[in-house]
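Taken together, the values in this text are just the output of simple stated rules run on the coordinates, not laboratory data. These numbers come from a predicted model, not from an experiment. Quick reminder, even Gly has a Cβ in these numbers, built from the backbone with ideal geometry, and neighbours come from all protein chains shown.
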Amino acid sequence: MEHLPYELDFMHKYNLHKWLGLLIEDDDIKFISQMYGVKFRELKKVDKLFLHNIEKFAGELANKVQVKPLEAPYRIAAIGDSISSDRQSWVKILNHLWKGTRTVIDCAISGDTTSDLIDRFYGTIMNQEFQWAVVFIGINDCRELDDGIHMTQISLDEYKRNMHYIMESLLKEGKKVINVTLPSVDNVRLKGQFPDNNWSYDRARIAQTNDFIRKLSKKSDIKLADLAKGIEAYGEDVLEQDGLHMNGQGQLILCKLLIMLLP
């Protein structure tokens, strides 16, 4: 597996086959193993662990929240990046908890910025059937090169323009929207995980982005899952060892926020 750019569990956890633009179903483990050039049983073992963790997280959630009765099933589009397109994310946890009464469809792709999202907006999102959209995007927009110039992937002004477009497009099509604020990033752990990329994050930029998300949501009468404040109130580490993605507790915080907002 030395030929893979990252460890196999990392590749599989964040569905990097989607990042490569390959049209493969997430549960087609045999094909994904062939694409990665690894033995099927090795990838199946990794996948089995993720499924076990989802069952555990969903069980923890079921003990703390009550699933609301529902007149008719509906679908929710998860619009975002790797924090959502994660085999242990809020998408998987809620689907396991709800067991088909409500369905979250994974329209997120690892590494996406808002500009990437707009590029594929009609090909991978608006061609889906859904009534609600959870928009959780922006952490990759905030990423910058730690080289003295600190150029970000997407400027704050461009991020704002892109988010206005995304919101207006969804609302115009009659979709109900929930915006999610961004979690913080641990630059020390990030550099340990990706030493060759020279990435870093500026806390001020993340804070400015979250302030904008809050103001946009209020102005457009859009529901807000303020994950950043939820994590702050929790008071403990909610990041994976790479310092970027959320661990199970972070995902559960988001699940609880969404359950309170969704019918």
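Per-structure values
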| item | result |
| --- | --- |
| Cα centre as origin, Lys/Arg/Asp/Glu Cβ charges: the chain dipole, Debye | 1000 |
| Out-of-range pairs (alpha-carbon distance over 28 Å; input Lys13/Lys56; Lys39/Lys191; Lys99/Lys215; Lys176/Lys256) | Lys39/Lys191; Lys99/Lys215 |
| Spatially proximal aspartates and glutamates relative to Lys64 (Cα-Cα < 17 Å; intrachain offsets below 8 disregarded) | Glu55 |
| Theoretical gain in end-to-end length, Leu70 to Leu261 [0.36 nm per residue, Cα-Cα removed] | 67.4 nm |
| Contact order normalised by residue count of the chain, Cα under 8 Å, 6+ apart, percent | 16 |
| Span-like helix ranges in the chain, DSSP H, alpha carbon extent 18 angstrom or more, Kyte mean at least -1.0 | 40-62, 156-172, 248-261 |
| For region 117-163 and region 56-93, distance of Cα centres in Å | 22 |
| Within the chain, longest stretch clear of exposed GluC sites (Glu not before Pro) (DSSP loop, no more than 10 other Cβ within 10 Å) | 174-235 |
| Computed magnitude of the charge dipole of region 150-263 (debye, nearest 20; Cβ of K, R +1, Cβ of D, E -1) | 560 |
| Cα lying deepest toward the dipole's positive end in the chain, options Thr114, Asn210, Tyr74, charges on Cβ | Tyr74 |
| Under 17 Å from the Cα of Lys218 - aspartates and glutamates, other chains or at least 8 residues apart | Glu168, Asp226 |
| Global form of region 1-130, assessed from the alpha-carbon gyration tensor, a/c cut-off 1.5 | oblate |
| Coarse-grained scattering of the chain at q = 0.17 Å⁻¹, given as base-10 log I(q)/I(0) from a Debye sum over alpha-carbon atoms | -1.54 |
| Rounded to 5, percent antiparallel among DSSP beta bridges of region 72-261 | 20 |
